[in-house]
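Any read-out appearing in this document is the output of simple, stated calculations on the displayed coordinates, not a laboratory observation. Predicted model only: the values in this text are computed from it and were never measured. No Cβ is skipped: glycine too gets one built from the backbone with ideal geometry, and neighbour counts run over all protein chains shown.
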Amino acid sequence: MEKLLSRIEKIKTEIAQIGEMRPGSLSEQYNVCGNPTCRCKDKKNPQKHGPYHQLSYTWKRKSTSEFVRKEDVPVVKEQLANYRHFMELRDEWIDCCIQLAKLRKKM
């Protein structure tokens, strides 16, 4: 029981140290424009425009997709990693609490 309580306290400390976060996934998008003489329409060697970085996420049951500027990509990647880490810690915290409740029930 002490081991679980100790782990819960460590999880709380780790969560408090997490920086900015956001849910979602980041992808690279390429597209073709409407200009018939553009390089993206070349018959022999088409070269699509891009990459454009796109963040997609669902929050409060609303799906959102937005473009991310190239210079903001590293920050967004860090926010996404922080969110994943937070969710892992949250799940571990809940697991520990469930185990703790079962141990207390046996007492």
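Averaged across orientations, what area in nm² does the convex hull of the alpha carbons in the stretch 4-61 project?
Working: hull surface 31.5 nm².
If you wrap the Cα atoms of the stretch 4-61 in a convex hull and average its projections, you get 7.9 nm².
Return a whole-number percent for the relative contact order of the stretch 2-106, with Cα pairs under 8 Å and 6 or more residues apart as the contact set.
Values: 113 pairs, mean separation 34.6, N = 105.
Relative contact order, the stretch 2-106: 33 percent.
How long is the gain from LYS102 to LEU26 if the chain were fully straight, where each residue apart is worth 0.36 nm and the alpha carbon distance is subtracted? Could the numbers behind the result be given before it?
Details: separation 76, 0.36 × 76 = 27.36 nm, distance 3.94 nm.
Length gained between LYS102 and LEU26: 23.4 nm.
If you take every residue apart from GLN79 with its C-beta less than 11 Å away from the C-beta of GLN79, what net charge results, scoring Lys and Arg +1 and Asp and Glu -1? Please list the in-between numbers first.
Details: positive: ARG22, LYS77, ARG84; negative: GLU20, ASP72, GLU78.
Neighbourhood net charge equals 0.
What number do you get for the chain when its Cα radius of gyration is normalised by 2.2 N^0.38 Å, N = residues? Present the calculation step by step, with values, prior to reporting the outcome.
Working: Rg = 22.3 Å, N = 107, 2.2 N^0.38 = 13.0 Å.
Output field value: 1.72.
Report the charge-dipole magnitude of the chain in Debye, nearest 20, computed about the Cα centre from +1 at each Lys and Arg Cβ and -1 at each Asp and Glu Cβ. Could you put the intermediate results ahead of the total?
Numbers: 22 positive and 14 negative charges, 90 e Å.
With Lys and Arg at +1 and Asp and Glu at -1, about 440 debye.
Go ahead and run the numbers for FRET between VAL75 and MET1, Cβ-Cβ distance against an R0 of 41 Å, rounding to 0.05. Intermediate results must be reported in sequence, preceding the final value.
Details: r = 41 Å, r/R0 = 1.00.
It comes out at approximately 0.50.
If we count other beta carbons within 10 Å of each Cβ, what is the order of LEU55, LEU4, LEU103, fewest first? Display every interim value, and only then the final one.
Numbers: LEU55 21, LEU4 16, LEU103 11.
Ascending number of Cβ neighbours within 10 Å: LEU103, LEU4, LEU55.
Work out the FRET efficiency for PHE86 and LYS48 from their Cβ-Cβ distance, taking R0 = 35 Å, and round it to the nearest 0.05.
Details: r = 35 Å, r/R0 = 1.01.
The formula returns an efficiency of 0.50 here.
Cross-link partners among lysines for LYS60, C-alpha distance below 26 Å, same-chain residues fewer than 8 apart left out?
LYS12, LYS77
Within a 10 angstrom radius of the beta carbon, how do LYS3, LYS41 rank from fewest other beta carbons to most?
On the way: LYS3 10, LYS41 14.
Listed from fewest to most nearby Cβ atoms, that is LYS3, LYS41.
Which residue fluctuates the most in the chain, going by a Gaussian network model with Cα springs under 10 Å, if the choices are ASP42, ASP72, ASP95?
Of ASP42, ASP72, ASP95, the Gaussian network model singles out ASP42 as fluctuating most.
Going by C-beta contacts inside 10 Å, put VAL68, VAL75 in order with the fewest on the left. Mind showing how you got there, number by number?
On the way: VAL68 16, VAL75 13.
With the fewest neighbours first, VAL68, VAL75 line up as VAL75, VAL68.
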